[in-house]
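Undergrad: One structure follows; several queries about it will come next.
What follows is calculated from the coordinates using simple rules that are stated; it is not laboratory data. This one's a predicted model, so the numbers in the text were calculated from it and none came from an experiment. Glycine also receives a Cβ, built like all others from the backbone with ideal geometry; neighbour counts cover every protein chain displayed.
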Amino acid sequence: MTDPNARPNVATMFRLQFEPAQDSWVLLYPEGMVRLNTPAAEILRRCDGGRSVDEIVAELELAFAQPALHDDVCAFLAQARQRGWLQ
C-alpha cells in the first residue's frame, strides 16, 4: 500500500508533457516515450513532489466528482513506481 503522506515525484530521467502529435500526455525518456491514458496523465501531472498521496486523491476526487478514488490511485502509483516513473 502506498504511504498516504508520501510525496511522489516523476523520476528525473522522465519528462511529462502534452504531445500535440499524439493528442495526449506522454512520458519522454532517453529510449523513447510512453503514451498515457487520461487517468494516468491526471495522476502523474500531480506528482510534483509537493503533494501527498492523500492530497492527490482529494484533488482528483474533486476535479472529477468521483468519490473513493484512493485505491485506484494508489494502485496506479505502485505500478508507476515499479516501472521507475516515480521517485
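Undergrad: Out of region 36-87, which residues are free of Cβ contacts under 8 Å to residues at least 60 places away in the same chain, under 22 Å from Phe14 (Cα atoms) and loosely packed, with under 14 Cβ neighbours inside 10 Å?
TA: Asn37, Thr38, Asp48, Gly49, Gly50, Ala75, Gln79, Gln82, Arg83
Undergrad: Now for a different question. How many residues does region 18-35 contain that are of a type outside the set (Val, Ile, Thr) and surrounded by 13 or more Cβ atoms within 10 Å (Cβ to Cβ)? Break it down stepwise before answering.
TA: Looking only at region 18-35, we keep the residues that are of a type outside the set (Val, Ile, Thr), and these are 18-25, 27-33, 35.
Filter once more, keeping what is surrounded by 13 or more Cβ atoms within 10 Å (Cβ to Cβ): 19, 24-25, 27-29, 33, 35.
Of the residues in region 18-35, 8 are of a type outside the set (Val, Ile, Thr) and surrounded by 13 or more Cβ atoms within 10 Å (Cβ to Cβ).
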